[in-house]
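Working notes for the structure below.
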Amino acid sequence: MSEIILTGIKPTGKLTLGNYLGVLKHLPETMNRGKPYIFIADLHALTLPIDPEELRQNSIDIAAFYLAAGLDPNKATIFLQSSVPAHAELNTIMQNYMYMGELSRMTQFKDISAKMGISKNAADAHIGLGIFAYPVLMACDIVLYDSDIVPVGDDQTQHVELCRDLVNRFNHRYGDILKMPKAEKRKVGARIMSLSDPTKKMSKSDPKGDIFLKDDLSVIRKKIMSAVTDSGNEVKYDMENKPGVSNLLSIYAATKGISIEEAEAHFAGYRYGDFKKDIADAVCEDLAAFQERYKHIIETKEYEKVLHQGAEQANKVANQTLKRVKQAVGLLDLD
Ligand code: ATP
Ligand code: MG
């Protein structure tokens with residue numbers, strides 16, 4: 001069956017090994033399954049303060065990373081979210097069908113408010129509406145392309161669930177207008193944790209213990225060799241009691257494309273030092289080739305043509321969905 005698959009990355013910071021193992025590395029597979037829409041979520045990046053030049057540079061990097069990961073722009077539509085105005089326009093309509101209560105229950109929103117050290121009462125004063133309403137725009141991203149599948153790491157599954165609720169609500173009221181999407185979680189590498197605090201997700205907007213995709217290989221090696229491990233000396237997967245070792249096992253398994261059990265079997269009898277050295281070797285080997293391709297794409301500016309072509313294709317599809325929605329809710333269609 002040919003499926004429509006949609007996924008995006010926010011250009012909020014330098015991409016990490018978590019983004020690579022959780023998403024980028026798996027993107028080429030999507031081309032064999034159906035029609036992929038792969039975007040740079042630049043509007044979402046504005047939900048937290050960001051320097052304009054950084055935002056531009058990060059956006060270019062993500063486009064180049066998509067290509068370096070092996071996506072073929074003739075099979076996958078690669079585009080910037082902001083180059084398709086239908087996202088913002090549908091957002092204006094859809095925000096009326098998602099409720100404040102459900103939005104305020106989202107873990108990401110709660111985490112960010114907590115991180116900003118803002119008490120409940122002061123919250124309204126310091127947090128932009130965009131970060132609160134983030135799942136509305138994300139739902140629009142998904143439904144605009146009639147997406148069947150949304151591959152996500154753990155952190156985004158809640159938002160896809162909310163999108164499904166929205167689709168149900170909207171279709172119940174207006175008929176069969178929006179396609180029902182499904183989140184797809186990867187088992188290995190779904191949640192790569194920080195190397196310095198393996199109880200926290202490796203995240204580009206909170207970069208502690210991160211490996212960045214543009215780090216020199218020598219730096220990457222050093223970071224892995226000094227990753228936090230746990231007491232004891234056995235290499236065993238046990239997220240609760242051995243989060244450091246378990247995270248390194250996940251990194252190895254995701255890098256090699258094997259299961260955790262296979263990774264565990266490979267390291268049976270290893271000491272921590274040798275264990276880390278093998279992981280550093282595997283990660284560096286994989287990223288060396290990836291970085292070479294990235295550099296070439298940046299030099300040739302190949303991403304420019306790709307983003308133009310992607311915008312054209314994405315606009316065509318998104319505008320059809322928008323038209324359907326506008327008609328359904330009763331906005332006059334003058335065409
Ligand atoms: P931010 O801190 O800005 O939220 P992020 O690193 O979480 O950045 P996103 O742009 O939110 O990155 O997510 C891009 C994709 O990468 C999503 O599909 C997300 O689930 C995935 N992802 C992000 N962090 C990890 C991680 N540590 N392990 C695996 N996948 C991840
Ligand atoms: Mg995130």
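The numbers here are math on the coordinates, done by the rules we state, and not lab data. Nothing here was measured: the structure is a model prediction, and the numbers come from that model. Neighbour counts run over all protein chains shown; Cβ positions are idealised from the backbone, glycine included.
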(message) What do you get for the angle between helix 302-329 and the principal long axis of the chain? Use alpha-carbon atoms, 0 to 90 degrees, nearest ten.
(response) 50
(message) What FRET efficiency comes out for Tyr99 versus Ser205 if R0 is 22 angstrom and r is the Cβ-Cβ distance? Round to the nearest 0.05.
(response) 0.25
(request) Calculate, in nm to one decimal, what Ala88 and Arg164 gain on full extension: separation in residues at 0.36 nm each, minus their alpha carbon distance. (result) 25.4 nm
(message) Tell me which trypsin sites (Lys or Arg not before Pro) from segment 252-335 have a DSSP coil assignment and no more than 16 other beta carbons within 10 Å of their own.
(response) Arg271, Lys301
(message) Taking a virtual spin label 7 Å from the Cα of Glu240 along the C-beta vector, which residues in segment 184-198 bring their backbone nitrogen under 15 Å of it?
(response) none
(request) Counting other Cβ atoms within 10 Å, keep those with at most 10, restrict to DSSP loop, and tell me which trypsin sites (Lys or Arg not before Pro) in segment 136-194 are left. (result) Lys187
(request) Express in nm, to one decimal, how much length is gained between Thr300 and Leu48 on full extension, taking 0.36 nm for each residue of separation and deducting their alpha carbon distance. (result) 87.6 nm
(request) Quote the relative contact order of the chain in percent (integer), defining contacts as alpha-carbon pairs under 8 Å separated by 6+ residues. (result) 23
(message) I want to check the label-to-label distance for Asp72 and Thr107. Put each point 7 Å from Cα in the C-beta direction and report it in nm to one decimal.
(response) 3.7
(request) Would you calculate a helix-derived [θ] at 222 nm for the chain, using -39,500 (n - 2.57) for each DSSP H run of n ≥ 4 and dividing by the full residue count, to the nearest 500? (result) -17000 deg cm²/dmol
(request) Report, to the nearest 10°, how far helix 272-300 tilts away from the longest principal axis of the Cα atoms in the chain, using its own Cα long axis and a range of 0 to 90°. (result) 40
(message) Output the 0 to 90 degree angle, nearest 10, between the alpha-carbon long axis of helix 52-68 and the longest principal axis computed from the alpha carbons of the chain.
(response) 70
(message) I want to check the label-to-label distance for Tyr174 and Asp155. Put each point 7 Å from Cα in the C-beta direction and report it in nm to one decimal.
(response) 3.1
(message) Of all beta bridges DSSP finds with both residues in the chain, what is the antiparallel percent, to the nearest 5?
(response) 15
(request) Would you mind listing how long the chain runs along its three principal axes, going by Cα atoms, in whole Å with the largest first? (result) 70, 50, 41
(message) Given R₀ = 30 Å, what would the calculated FRET efficiency be for Asp197 paired with His126, taking r from the Cβ atoms and rounding to 0.05?
(response) 0.75
(request) Calculate, in nm to one decimal, what Asn32 and Glu312 gain on full extension: separation in residues at 0.36 nm each, minus their alpha carbon distance. (result) 98.6 nm
(request) Rounded to the nearest Å, what's the spacing between the alpha carbon centres of segment 19-58 and segment 153-196? Just the number, please. (result) 16
